[in-house]
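Below: the structure, in structure tokens.
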Amino acid sequence: MGTSTDGLLFYGWRFDEGHEFPWSDYEEDTWWEKTNGYKPPLELYDERGEYLNGRKPPQAEIMECYDHKRAWNESHPLPFEVVNYCYCDSPMWAFAIHGTLIRASRGCPEPFDPHQMRADEVLEAGVTKVREFCATHGIELPGEPAWYLASYWG
């Protein structure tokens, strides 16, 4: 098994190491679902993460739950992408405006248009959504958004 070394280019905010977020006890998507009252159509797991009653449910029920969750997440997305711009065991986090994150894995260069790196209406709408989200959830943004070229090793 190899180590991923990804190049990252994105527009948004980077936070210093150790920054605390409201979802620090959860993954951000789990926190987002709980915060917004997401309820799956069926319960598959108990509080320990084991199948209810120790039995794997039929594949159709599992797929129904995953499809339902995927559809909910598509219609209720976080207003940004959470990006680890450091190392898997020592994460440093950033918020990238949707549609700006370009990730290039080692050996797989990705083309991009440098003209995309301008502040246009799409970027400004994304910035507004992130600012509103952060104000609602008590997250202090570290300054103004910018274009970042970063790496991820993990």
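The values are calculated or read from the model by the stated rules, or taken from the named source; none is laboratory data. This is a predicted model, so every value here is computed, not measured. Cβ placement follows ideal geometry from the backbone for every residue including glycine, while neighbour counts extend to all protein chains displayed.
In the set (1) over 22 Å from Pro142 (Cα atoms); (2) of a type outside the set (Gly, Ala, Ser); (3) touching a residue at least 12 places away in the same chain (Cβ under 8 Å), Glu43 fails one condition alone, (3).
Rundown of residues vs (1) within 22 Å of the chain's Cα centre (by Cα); (2) modelled with pLDDT of 90 or more; (3) part of a helix (DSSP H, G or I); (4) β-branched (Val, Ile, Thr), yes/no style:
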site: Glu20; (1), (2), (3), (4): yes, yes, no, no
site: Tyr26; (1), (2), (3), (4): yes, no, no, no
site: Gly37; (1), (2), (3), (4): yes, yes, no, no
site: Ile62; (1), (2), (3), (4): no, yes, yes, yes
site: Lys69; (1), (2), (3), (4): yes, yes, yes, no
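The set of residues in the range 62-71 being crowded, with 16+ Cβ neighbours inside 10 Å and in contact (Cβ under 8 Å) with a residue 24 or more places away in the chain consists of Cys65 alone.
Could you say whether any residue in the range 78-101 is in contact (Cβ under 8 Å) with a residue 24 or more places away in the chain, acidic (Asp, Glu) and within 15 Å of Trp13 (Cα to Cα)? Yes.
Between Pro111, Pro91, Pro58, the distinction of being in the same structural domain as Trp13 (by TED's automatic domain parsing), surrounded by fewer than 15 Cβ atoms within 10 Å (Cβ to Cβ) and not hydrophobic (A, V, I, L, M, F, W, C) belongs to Pro111 only. For the range 114-137, a residue qualifies if it is of a type in the set (A, V, I, L, M) and either modelled with pLDDT of 95 or more or not in a helix (DSSP H, G or I) (or both), and the qualifying residues are Met117, Ala119, Val127, Val130, Ala135.
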